[in-house]
1. For region 67-114, give me the residue count where each residue is under 21 Å from the mean Cα position of the chain (by Cα) and part of a loop (DSSP other than H, G, I, E, B).
2. Which residues, counting only those in region 60-93, are under 14 Å from H113 (Cβ atoms) and open to solvent by 60 Å² or more (accessible area, probe 1.4 Å)?
3. So, in region 110-133, of the ones that are of a type in the set (V, I, T) and free of Cβ contacts under 8 Å to residues at least 24 places away in the same chain, which residue ends up nearest to L218 (Cα to Cα)?
4. So which residues in region 154-169 are surrounded by 19 or more Cβ atoms within 10 Å (Cβ to Cβ) and within 19 Å of the chain's Cα centre (by Cα)?
5. Scan (1) touching a Gly at 6+ places or on another chain (Cβ under 9 Å); (2) modelled with pLDDT under 95; (3) assigned to a helix (DSSP H, G or I); (4) crowded, with 20+ Cβ neighbours inside 10 Å for the single condition A128 breaks and write down its number.
6. Checking A185 against (1) at pLDDT 90 or above; (2) over 20 Å from P140 (Cα atoms); (3) surrounded by fewer than 21 Cβ atoms within 10 Å (Cβ to Cβ): exactly one of these is not met. Which one?
7. Restrict the check to region 44-64 and report whether at least one residue is in contact (Cβ under 8 Å) with a residue 12 or more places away in the chain, under 12 Å from N94 (Cα atoms) and not basic (K, R).
8. From L40, L64, which residue is in a helix (DSSP H, G or I) and closer than 24 Å to G148 by Cα?
Amino acid sequence: MTYNARTAFSLVELSIVLVILGLLVGGVLSGQSLIRAAELRAVSTEYSRYLTATQTFRDKYFALPGDMTNAFAFWGAATGCTNADINSVATGCNGNGDGAISIYAEGFRFWQHLALASLIEGTYSGTATTNNAVLGGNVPRGRISSTGYQIWSEPWASQGWTGTGSTEISNAIRFGAWGAFGGTAGDPSRISNPSLKCEESWNLDTKIDDGKPGLGRLILHYNVSAACLSTSVRGTAEYILTGNGVNALVDYQHLK
């Protein structure tokens, strides 16, 4: 049997193939990085849009969306809800006007009120079955897969924060992944699970706020995000940036 050297690859040909493969792999990784960067920019843009919409709503209607006591007078006939307090009657259009947006009842009406006022895009039901958040149904979807936004109102201490200001109750737009909190069976599906890396949250926090995870308008949920935080003391907490775990935290964005 005669060996034909022309059937084998030369070192030059193999080198060219390896270079092409390297370029393809590098292109894919670079493309993934660009996509992720665009998703993170979208989080910042979406939050700014919702914050501006809330402030505009308050200036126009003299109330916070969801907490508005006379929403029925503006939109009740169009939506079919009743002239009642949503906190007491499931079909109610109105909030109770106490300045706090209750997590589930008023929190779902929050998005509906903003949409009915034409301040955000989309159509939202304003209600929930057994308090479940539904992406695109009663809460907005995020650009990152399986993420969304939900209103939360609770003391920072209930999230594990300590120190000055921990007893403060905050109305906040929470950004995170959808699912049962901590994977607990029977718990309402909601926006309460990690969705970003520690470094990604630090990047967003530095760009749109103060870079401090326990202070300002962008605050992390301590109990969920402890791996990203140096301490539970709000005033002195710093980001831990050495980890590279996927979905290491929940972003909690403060409405003032």
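1. Step one: filter region 67-114 for residues under 21 Å from the mean Cα position of the chain (by Cα), giving 67, 100-114.
Narrowing further to those that are part of a loop (DSSP other than H, G, I, E, B): 67, 100-104.
Summing the residues that are under 21 Å from the mean Cα position of the chain (by Cα) and part of a loop (DSSP other than H, G, I, E, B) in region 67-114 gives 6.
2. Scanning region 60-93 gives K60, F62, T69, N70, F72, A73, F74, A78.
3. Of all residues in region 110-133, those of a type in the set (V, I, T) come to 120, 123, 127, 129-130.
With free of Cβ contacts under 8 Å to residues at least 24 places away in the same chain added as a condition, the list becomes 123, 129.
Details: T123: 26, T129: 29 Å.
Of everything passing the filter in region 110-133, T123 is nearest to L218 (Cα to Cα).
4. Pass one, region 154-169, residues surrounded by 19 or more Cβ atoms within 10 Å (Cβ to Cβ): 156, 159, 161, 166.
Passing the criteria: W156, Q159.
5. All conditions are met except number (3).
6. (1)
7. Step one: of region 44-64, the residues in contact (Cβ under 8 Å) with a residue 12 or more places away in the chain are 44, 46-51, 53-54, 56-57, 60-61, 63-64.
Narrowing the set further to residues that are under 12 Å from N94 (Cα atoms) leaves 63-64.
Subsequent filtering for residues that are not basic (K, R) retains 63-64.
Yes, region 44-64 contains a residue that is in contact (Cβ under 8 Å) with a residue 12 or more places away in the chain, under 12 Å from N94 (Cα atoms) and not basic (K, R).
8. On the way: L64 fails: in a helix (DSSP H, G or I).
Step by step, each of L40, L64 is checked, and only L40 is in a helix (DSSP H, G or I) and closer than 24 Å to G148 by Cα.
The values are calculated or read from the model by the stated rules, or taken from the named source; none is laboratory data. Not measured: the values here are computed from a predicted model. Here Cβ is always computed from backbone atoms with ideal geometry, including for glycine, and neighbour counts include all displayed protein chains. Ligands, DNA and RNA are stripped out before the accessible areas are found, and what is left, the full protein with its side chains, is counted by its heavy atoms. Shrake-Rupley method; radii C 1.70, N 1.55, O 1.52, S 1.80 Å.
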